[in-house]
1. Starting from a Cα-only point model with no solvent, please compute log10 I(q)/I(0) by Debye for the stretch 13-144 at q = 0.11, 0.13, 0.21 1/Å.
2. If I model a spin label as a point 7 Å beyond the Cα along the Cα-Cβ vector, how far apart are those points for residue 90 and residue 62 in nm?
3. Once the piece of chain linking residue 37 and residue 15 is laid out straight, how much longer is it, given 0.36 nm per residue of separation minus the C-alpha distance between them?
């Protein structure tokens, strides 16, 4: 029998390197999804996921405690408490925050994304991911190197 995850206190990885590896994979996924088929909703979602996981990895790295939550602005504010240089990423975290729910579920008001806007989101996520990696002394995944 598989245990009900909600009954487990927090079964997420306690290794920050796992979070950063998955963040890098999300960034790579977004890059692929921006390819010739233009899967824009999925690409935007993976940009959001990259930064959610990277911020959680950074907070785990600095506090040794896993963090719950999906709100990028809140996660970024937690990072600001550890390093004020994260203030420069508050606008980006707020912009990317919109693509957690809206990109995954159908809506009566469709999400209007253009390739140009998702490329901008990708560049935001890439820059922020590279910054977070630098703060942790980690080498970014191949596609994210500056």
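Just so it is clear, none of the values below were taken in a lab; they were calculated from the coordinates. Please read these numbers as outputs of a predicted model, since none were measured by experiment. Glycine also receives a Cβ, built like all others from the backbone with ideal geometry; neighbour counts cover every protein chain displayed.
1. Debye curve over Cα of the stretch 13-144, log10 I(q)/I(0) at q = 0.11, 0.13, 0.21 Å⁻¹: -0.35, -0.48, -1.20.
2. Distance between label points: 1.4 nm.
3. Additional length available on full extension: 4.5 nm.
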